[in-house]
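The values are calculated or read from the model by the stated rules, or taken from the named source; none is laboratory data. Since the structure is predicted, the reported quantities are computational estimates derived from the model, not experimental observations. Neighbour counts are summed over all protein chains in view; Cβ atoms, including those assigned to glycine, are modelled from backbone coordinates with ideal geometry. The protein model used for the area step is the full one, side chains on, heavy atoms only, and it has no ligands, DNA or RNA in it. Shrake-Rupley method; radii C 1.70, N 1.55, O 1.52, S 1.80 Å.
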Amino acid sequence: MHMTGNTILITGGGSGIGRGLAEAFHRLGNTVIISGRRRERLQAVIDANPGIIAVELDVTDPAAIQTAAAKLIAEYPALNVLINNAGIMLLDDAAGPVDEETLVSTIATNLLGPIRVTGALIDHIKRQPNPVIAHVTSILGFVPLAMTAVYSSTKAALHSYTLSQRHLLRPAGVKVIEIAPPWVRTELLNSTEEERAIPLDEFIDGAIEQLATDADEILVGPAPQMRANPGPGEHAWVDQFNDMMASGAKVG
Ligand SMILES: NC(=O)c1ccc[n+]([C@@H]2O[C@H](COP(=O)([O-])OP(=O)(O)OC[C@H]3O[C@@H](n4cnc5c(N)ncnc54)[C@H](OP(=O)(O)O)[C@@H]3O)[C@@H](O)[C@H]2O)c1
């Protein structure tokens with residue numbers, strides 16, 4: 001994708017990967033708008049990076065998405081890039097009774113959120129120069145982590161949706177990118193100090209380097225190995241991966 005001259009909306013830009021991408025694109029001279037629910041996290045980013053713009057938006061609220069999209073289009077008509085990054089990751093138990101709250105909130109945030117935010121902005125983005133839609137999925141969409149089965153499922157579904165969108169939007173010249181991070185040191189699942197996860201800076205540097213190419217899929221660090229999830233052989237791969245995670249061994 002073009003790395004300069006864009007107007008970019010990054011959902012979940014108040015922390016972690018979203019904040020890292022926002023700061024990197026801001027340094028490259030793009031107009032960057034971040035969104036999220038926690039006002040104080042958004043404020044901290046704009047205080048540290050004068051010029052970044054913040055809007056409060058809960059991506060599980062369809063009406064709020066419509067309102068925010070109309071406002072953004074009116075105030076930033078050059079908006080040409082959307083990075084659907086907001087997400088939550090909760091432990092669940094696919095072998096036991098369903099926790100409704102986990103099920104519904106995870107699907108609403110990780111799957112319905114990106115679909116709805118894209119739907120609200122796509123007709124506008126389509127008409128801009130160098131239009132891009134990027135979805136932050138996960139390597140767990142290719143090889144599920146059994147202890148976060150719902151989360152892994154939302155990322156697999158978002159991967160599938162990305163493929164459909166790429167197919168349909170290619171004739172219109174919209175680049176549809178999937179960013180599938182490996183385990184990265186962020187607040188997600190309390191992983192800021194996690195030795196087995198890669199440092200956030202390392203992930204952002206790798207992602208920015210790949211985003212500057214024509215790549216449709218951004219696969220940093222150990223991600224390519226998980227992306228190459230071996231078709232009908234995947235059952236053995238899933239067992240091996242989950243045994244390794246349960247044992248505390250390093251991934252990849
Ligand atoms: N870290 C990893 O190992 C890893 C690996 C693979 C994929 N990912 C994906 O990377 C993305 C970013 O995660 P992260 O690791 O950077 O964790 P993070 O620091 O917790 O970031 C998640 C962001 O999403 C926002 N968010 C959550 N629910 C939201 C909602 N309903 N509406 C709007 N914003 C919401 C949060 O802000 P508010 O709470 O303020 O709304 C937060 O800023 C997620 O999609 C995650 O699944 C992360």
### Task
Considering every residue within region 39-46, establish whether at least one is in a helix (DSSP H, G or I), open to solvent by less than 10 Å² (accessible area, probe 1.4 Å), free of Cβ contacts under 8 Å to residues at least 60 places away in the same chain and near the ligand (Cβ under 10 Å from one of its atoms).
yes
### Among the residues listed as 50, 62, 77, the single one being under 18 Å from residue 113 (Cβ atoms) and more than 8 Å from the ligand (Cβ to nearest atom)
62
### Query
How many residues does region 196-219 hold that are modelled with pLDDT of 95 or more, part of a loop (DSSP other than H, G, I, E, B) and under 24 Å from residue 247 (Cβ atoms)?
2
### Query
What do you reckon, is residue 139 in contact (Cβ under 8 Å) with a residue 24 or more places away in the chain, hydrophobic (A, V, I, L, M, F, W, C) and in contact with a Pro (Cβ under 7 Å, 6 or more places away or on another chain)?
yes
### Message
On the basis of being in contact with a helix residue (DSSP H, G or I) (Cβ under 7 Å, 6 or more places away or on another chain), closer than 13 Å to residue 11 by Cβ, assigned to a strand (DSSP E or B) and open to solvent by less than 10 Å² (accessible area, probe 1.4 Å), does residue 32 make the cut?
### Response
yes
### Query
Across region 16-38, which residue is nearest to the ligand (Cβ to nearest atom) among those that are out of contact with any Gly (no Cβ under 7 Å at 6 or more places or on another chain) and farther than 16 Å from residue 207 by Cβ?
37
### Message
Any residue at all in region 58-77 that's without any contact (Cβ under 8 Å) to a residue 60 or more places away in the chain, under 24 Å from residue 210 (Cα atoms), open to solvent by less than 60 Å² (accessible area, probe 1.4 Å) and not acidic (Asp, Glu)?
### Response
no
### Summary
Within region 172-196, residues being surrounded by fewer than 16 Cβ atoms within 10 Å (Cβ to Cβ) and of a type in the set (S, T, N, Q) number 2
### Task
Could you tell me which residue of region 47-76 is farthest from residue 4 (Cα to Cα), considering only residues that are among the charged types (D, E, K, R) and not in a helix (DSSP H, G or I)?
61
### Task
Within region 98-133, work out how many residues are under 14 Å from the mean Cα position of the chain (by Cα), more than 22 Å from residue 2 (Cβ to Cβ) and more than 16 Å from the ligand (Cβ to nearest atom).
0
### Query
Out of region 80-96, which residues are within 16 Å of the ligand (Cβ to nearest atom), open to solvent by less than 80 Å² (accessible area, probe 1.4 Å) and in a loop (DSSP other than H, G, I, E, B)?
85, 86, 87, 88, 89, 90, 92
### Summary
Of (1) under 30 Å from residue 41 (Cα atoms); (2) without any contact (Cβ under 8 Å) to a residue 40 or more places away in the chain, residue 170 fails just (1)
### Task
Please name all residue pairs, on different chains or six or more residues apart, with Cβ atoms under 7 Å, provided the first residue is in region 9-23 and is in contact (Cβ under 8 Å) with a residue 12 or more places away in the chain and the second residue is assigned to a helix (DSSP H, G or I) and within 6 Å of the ligand (Cβ to nearest atom).
10/18; 11/18; 12/18; 14/41; 15/41; 16/188
